[in-house]
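*Asks:* A single structure is presented below for examination.
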Amino acid sequence: MYILNKQPKTAMVQLYDRLVDKVADTCVKLYNGLPKTGKPIDNEWTVLSCLLQYDKISENLEVVSLGTGSKCIGASKMSPFGDVLNDSHAEVFARRGFLIYLYDNIEQALQSKKSIFIFENGKFTLKDNIEFIFYSSQLPCGDASIIPKEDEENFGEVLQSLKQKACEDISDIDLKKINGDIHRTGAKCLPDSAQDSKEPGTNYHLLGQVRIKPGRGDRTQSVSCSDKIARWIHIGVQGALLDLLINKPFFIHHFVFGAGVPYSEESLTRSLLKRTDVSMVIPDVMPKFYQSRLVFPHIKSDLNVRPAAGSIVWSKSRSVEVAVQGRKLGVTKKKLKLFNNSLCISKYNIYQRFENIINQNEELKKLINAEDVRSIPYNAMKRKSIRYLEKWELVKKVFFKAWTKKPDMWNFSVNDT
Ligand SMILES: [Zn+2]
């Protein structure tokens, strides 16, 4: 890891840079301390994403979940039993690891132990002093990664030297690189919507489109990380199940990105906040975007050309797990048939966790209006989350204008196998 040097700054800006760098440094140090399994080898690269918790009273900053990876499985490999992860991008793994952290805290509040939640009147409320920060070593795939090359901010020494060179000898420089070209994304527009022109230069991509992640084999059905993060910003990061248990949704306040990769605050704002002018979908918490000066050691580069096959997930107080093709590494085929041997962040295991919590408390059973929670399949339980789904329908219609059509296939129930 190294720090990119920039122009001299005022004391205030230096302080701000140090705080942003502290976020990145905390995440990368945690990553460096994890075992090697699942990390890039030889010429491989990966993405690192983390959720951090900031306590405004104690000023304590800590990573509570971590994810790595850049792979996604094709639609034919999705499992109706909820035991295979469809999407193994770092951002998604970090957010699902964050859900585990939230469930841990919900359970602690239920047992009157130390927690970030208060349990009162049958619902959980996040304490006022807690804020969440998201870190990622690069911008999310999809719409936010479509960055005009001339608009790049802080692309570090590379761009700096390019600009200096331009002043010294204009004939020596590839003008197309700094004028009239864009960074592209591998994510494709939805099949039934308008498509990229793929013309050379700035018109290559359409802007503001919901995009599908690339994957090996058949087409994936997972939307890009730009789309997923925009969704968290607009309806909360908790998801449908957890929304049933909490008083109000909660949001990420700050987004910090790594250096040494293309970055544009304008692209982030356009893609995550302003795809539409309609004021009906203003986020409850308007997040801020920052770029740290710290470079994650395994970024994609001229040396690191192949994406790592594995994905790592880590959640505070839990052991690290490694996934390949959405399944937990190191589990025998026979054991994989027992769905709770899937990753801790699989739909199956998260739903099992949810049910265990409901079964501990009569008020929670009443809340979801079910005497026997185990009789309700996963997809039917999600449909009970009316507040969440109503907000989602509005945001989908007004902000995104389209979304991927996944089959309603997760009709599984948790059993005791
Ligand atoms: Zn992604």
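*Asks:* For the range 198-220, give me each residue that is within 21 Å of SER76 (Cα to Cα), touching a Ser or Thr at 6+ places or on another chain (Cβ under 9 Å) and away from the ligand (no atom under 14 Å from the Cβ).
*Replies:* GLY217, ASP218
*Asks:* Just to be sure I understand the filter: pairs with C-beta atoms under 6 Å, separated by 6 or more residues or on different chains, first member in the range 328-343 and in a helix (DSSP H, G or I), second member aliphatic (A, V, I, L, M). Which pairs pass?
*Replies:* Listed by first residue and then by second, the contacts come to ASN341/VAL331.
*Asks:* Applying the selection to the range 221-262, what residues are part of a helix (DSSP H, G or I) and within 16 Å of the ligand (Cβ to nearest atom)?
*Replies:* Result: CYS225, SER226, ASP227, LYS228, ILE229, ALA230, ARG231, TRP232, ILE233.
*Asks:* Does VAL313 fit the bill of being crowded, with 19+ Cβ neighbours inside 10 Å and part of a strand (DSSP E or B)?
*Replies:* Here the answer is yes, as VAL313 does meet what is asked.
*Asks:* Just to be sure I understand the filter: pairs with C-beta atoms under 7 Å, separated by 6 or more residues or on different chains, first member in the range 77-94 and within 11 Å of SER222 (Cα to Cα), second member hydroxyl-bearing (Ser, Thr, Tyr). Which pairs pass?
*Replies:* LEU85/SER346; ASN86/SER222; ASP87/SER222; SER88/SER311; HIS89/SER70
*Asks:* Just wondering, is there one or more residues in the range 291-301 that are buried (at least 21 other Cβ atoms within 10 Å of the Cβ) and in a strand (DSSP E or B)?
*Replies:* Yes.
*Asks:* Quick check: is even one residue across the range 163-186 at pLDDT 85 or above and not in a loop (DSSP other than H, G, I, E, B)?
*Replies:* Yes, that holds for at least one residue.
*Asks:* Could you list all residues from the range 42-64 that are away from the ligand (no atom under 16 Å from the Cβ) and touching a Ser or Thr at 6+ places or on another chain (Cβ under 8 Å)?
*Replies:* Result: LEU52, LEU61, GLU62, VAL63, VAL64.
*Asks:* Just checking, which of PHE354, PHE412, PHE400 is aromatic (Phe, Trp, Tyr), over 22 Å from GLY236 (Cα atoms) and in contact (Cβ under 8 Å) with a residue 12 or more places away in the chain?
*Replies:* Result of the check over PHE354, PHE412, PHE400: PHE412.
*Asks:* Looking at the range 90-103, which of its residues are touching a Cys at 6+ places or on another chain (Cβ under 8 Å) and more than 16 Å from the ligand (Cβ to nearest atom)?
*Replies:* ILE100
*Asks:* Also, I was wondering about something else. Sort out which residues of the range 302-329 are under 26 Å from GLU62 (Cβ atoms) and in contact with a Phe, Trp or Tyr (Cβ under 6 Å, 6 or more places away or on another chain), and write them in order of number.
*Replies:* SER311, VAL313, SER315, LYS316, VAL320
*Asks:* Which count do you get for residues in the range 337-358 that are at pLDDT 95 or above, among the hydrophobic types (A, V, I, L, M, F, W, C) and within 10 Å of GLY82 (Cβ to Cβ)?
*Replies:* Residues flagged as at pLDDT 95 or above, among the hydrophobic types (A, V, I, L, M, F, W, C) and within 10 Å of GLY82 (Cβ to Cβ) within the range 337-358 amount to 1.
*Asks:* Moving to a separate point now. Here is a check on your reading of the model: is ILE312 over 19 Å from SER88 (Cα atoms) and among the hydrophobic types (A, V, I, L, M, F, W, C)?
*Replies:* No, not satisfied.
So that you can scan it fast, the table gives a plain yes or no per residue for (1) within 16 Å of the ligand (Cβ to nearest atom); (2) polar (S, T, N, Q); (3) surrounded by 20 or more Cβ atoms within 10 Å (Cβ to Cβ):
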| site | (1), (2), (3) |
| --- | --- |
| LEU66 | yes, no, yes |
| ALA75 | no, no, no |
| SER88 | yes, yes, yes |
| ASP128 | no, no, no |
| LEU139 | yes, no, yes |
| GLY142 | yes, no, yes |
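The values are calculated or read from the model by the stated rules, or taken from the named source; none is laboratory data. Predicted model, so just to flag it, every value in this text is computed and none were measured. For neighbour counting, all protein chains shown are included, and Cβ atoms are generated from backbone atoms with ideal geometry for every residue, glycine included.
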